[in-house]
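*Asks:* The structure that follows is given in the form of structure tokens.
What follows is calculated from the coordinates using simple rules that are stated; it is not laboratory data. Please read these numbers as outputs of a predicted model, since none were measured by experiment. As a convention, Cβ positions derive from the backbone with ideal geometry for all residues, glycine included, and neighbour counts pool all protein chains shown.
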Amino acid sequence: MAKLKLRGKDLRAIGYPEGPVISIAMNIMEKNYKFDKEEEVMNLLKAILASPVEYTDDAILGLIAQQLMPKPQKEWASIGLNEKGIDFNVFGSDHIEAGAMHQMHQAAKLPIAVAGALMPDAHSGYGLPIGGVLATEGAVIPYGVGVDIGCRMCLSVFDIDPKDLVQKEAWFARELKEATLFGSGRQFDQSTPHEVIDRPEFKQILILKGLQGRAAKQLGSSGSGNHFVEFGTVTIGESDEILGLAPGKYLGLLSHSGSRALGANIADHYTRIAKEKRLLPGEAKNLAWLDLNEQEGIEYWLAMNLAGDYAAACHHVIHAKIARQLGRQPLQIVENHHNFAWKEVHEGRELIVHRKGATPAAKDVLGIIPGSMTAPGYIVKGKGEPASLSSAAHGAGRKMSRSAAIKSITHEWLKETLQEHGVRLLGGGLDEAPLAYKDIEEVMRSQRQLVEVVGQFTPKIVRMDG
């Protein structure tokens, strides 16, 4: 018996509108009704077109019906900013550029803003500045989280003498090259099985349905820009009961990356919806929000959390690969998001706390604050400081734009600096050179009331894109 084969012009002839619904309908019918007569299938398609609401709950035909349902009216609600913004605390103000301060003042004037803080590594971004912390009530700002949802740090500490990094440098460099992929569009030929790829959100939320396959192929990859995977020395000066490591030197594996194309597509999609629903004036438009009681807000919250879990899984895949090659299990793993929104209780109120380029620093919570490819990073323990909404910096923070760094830093300078610090760089570019970043020691001094340093990571073999 011949299999069913539909043509787009036949669907248009019975009234199907131009757009994705035609290909969706053809694919669904050819897959699920492949041995039915064409006349019967066309009659069924006519019935769906005539009354899509009757088929929206159908397990197979519901996808076609949803495409044919009338689209809800857009809420073109023009919203003004408050004349006076909420007060917010600034840490390390001497080292924060005017652009980031201005963006934070804009965010403070949002009608939904409740509390805020600016971290010492802050610099300009889209919407909320990098290093900005903003608490709202019942609303989430997609660009308050950022494009790279769930961008995070992960450190594995191994009971291996870090001198091996010098003695077996070529071996460790090879492992960094084989453990992951770098580059904005890169993906593996074969996906790594992981429960995060089987999450029900991929089937429940329309935007996610088309992202699942690519997410599977990018699981365990690292992206571009300032993302890295590196080996280095972990130094513990005094024992800390939360960290649980004895004083001494260890081999560390540190990674920094986020949710890849999955997070970027979620951010762009829901930011576009937020901007349509809430029209904000001028440069504040990127601070448009979604109410957590409306459908789009509920969807974004679910998708954001999925992207965060996916970002964590990417790190875990990389670290597991390298741990297998080392033949050791890590003594300790320390990790944290720094592009995310959390539901937290502050002063008795449940708030949505956006940390865009900021590290969670609740009481006794561990985190990683990296420096640059030659500067040390720090294992920290939060102090739960209310003035910062229990937050801290997420790194050294840029002091030069990428274009400025490329124009003003030479390859000779970078090569000499790497040699001076005993660092081998695999990939990387002038836009990520140490000189493009603030002094991590100044950043750490500016947040003594926010975190306690419990360990140090010194990079030795660094892999980046390029």
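*Asks:* Are there GluC sites (Glu not before Pro) in the range 125-209 that DSSP puts in a loop and that have at most 15 other Cβ atoms within 10 Å, and which ones?
*Replies:* E137
*Asks:* Compute the helix-to-body angle for 295-326: its Cα long axis versus the longest principal axis of the chain, expressed 0 to 90° and rounded to tens.
*Replies:* 50 degrees
*Asks:* By the gyration tensor of its Cα atoms, with a ≥ b ≥ c the square roots of the eigenvalues, what is the shape of the range 8-68: rounded for a/c under 1.5, prolate for a/b over b/c, or oblate?
*Replies:* Because its axes are fairly even, with a/c under 1.5, the range 8-68 counts as rounded.
*Asks:* For the range 428-453 and the range 274-303, what is the separation of their Cα centres, given in Å?
*Replies:* 32 Å
*Asks:* If you don't mind, another one. Within the range 302-379, which GluC sites (Glu not before Pro) sit in a loop by DSSP and count at most 12 neighbouring Cβ atoms inside 10 Å?
*Replies:* E347
*Asks:* By how many nm would the segment from E276 to Q66 lengthen if fully extended, with 0.36 nm per residue of separation less the alpha-carbon distance?
*Replies:* 73.5 nm
*Asks:* If you don't mind, another one. Using only the Cα atoms of the range 60-185, what are the Rg and Dmax in Å?
*Replies:* 22.8, 67
*Asks:* Could you list the chymotrypsin sites (Phe, Trp or Tyr not before Pro) in the range 1-60 that lie in coil according to DSSP, counting only those with at most 16 other Cβ atoms within 10 Å of their Cβ?
*Replies:* Answer in residue order: F35.
*Asks:* Could I ask something else about it? Among S257, S191, S403, what is the fewest-to-most ranking by other Cβ atoms within 10 Å?
*Replies:* Least to most surrounded, the residues fall as S403, S191, S257.
*Asks:* Just subtract the alpha-carbon distance of R402 and I24 from 0.36 nm times their residue separation and send over the number in nm, one decimal.
*Replies:* Taking 0.36 nm per residue and subtracting the Cα distance, the gain is 131.9 nm.
*Asks:* How big is the Kirkwood radius of the chain, worked out from every pair of different alpha carbons and given in Å to one decimal?
*Replies:* This gives a value of 24.1 Å.
*Asks:* Let me ask another. So if I take the centroid of the Cα atoms in the range 182-203 and the same for the range 313-391, what is the distance between those two points in Å?
*Replies:* Answer, in whole Å: 23.
*Asks:* Counting only other residues whose beta carbon sits under 13 Å from that of G92, what net charge do I get with K and R as +1, D and E as -1?
*Replies:* For residues surrounding G92, the net value is -2.
*Asks:* Of the listed pairs K249/K363; K34/K217; K285/K363, which have alpha-carbon separations greater than 32 Å here?
*Replies:* As for pairs spanning more than 32 Å Cα to Cα, those are K285/K363.
*Asks:* Summing Lys, Arg as +1 and Asp, Glu as -1, what charge do residues with Cβ under 14 Å from the Cβ of S124 carry, S124 excluded?
*Replies:* So the surrounding residues net to +2.
*Asks:* Can you give the angle from 0 to 90° between the axis of helix 98-108 and the longest principal axis of the chain, with both taken from C-alpha atoms, to the nearest 10?
*Replies:* Approximately 50 degrees, to the nearest 10.
*Asks:* Still on this structure, I have one more. Could you compute the longest span of the chain free of trypsin sites (Lys or Arg not before Pro) located in DSSP loops and having at most 13 other Cβ atoms within 10 Å, not counting the site residues?
*Replies:* 169-362
*Asks:* Kindly provide the helix-only [θ] at 222 nm of the chain, computed as the sum of -39,500 (n - 2.57) over DSSP H runs of four or more divided by all residues, to the nearest 500 deg cm²/dmol?
*Replies:* Taking each H run of at least 4 residues, the total per residue is -10000 deg cm²/dmol.
*Asks:* Taking K and R as +1 and D and E as -1, what net charge do the other residues with C-beta under 13 Å from the C-beta of A264 add up to?
*Replies:* My count for the surroundings of A264 gives +1.
*Asks:* Moving on. Treating the angle as unsigned and between 0 and 90°, give the value, to the nearest 10°, between the Cα long axis of helix 260-277 and the longest Cα principal axis of the chain.
*Replies:* The helix 260-277 is inclined about 60 degrees to the chain.
*Asks:* Same structure again: Between E350 and E241, 0.36 nm times their residue separation minus their Cα-Cα distance comes to what?
*Replies:* 36.3 nm
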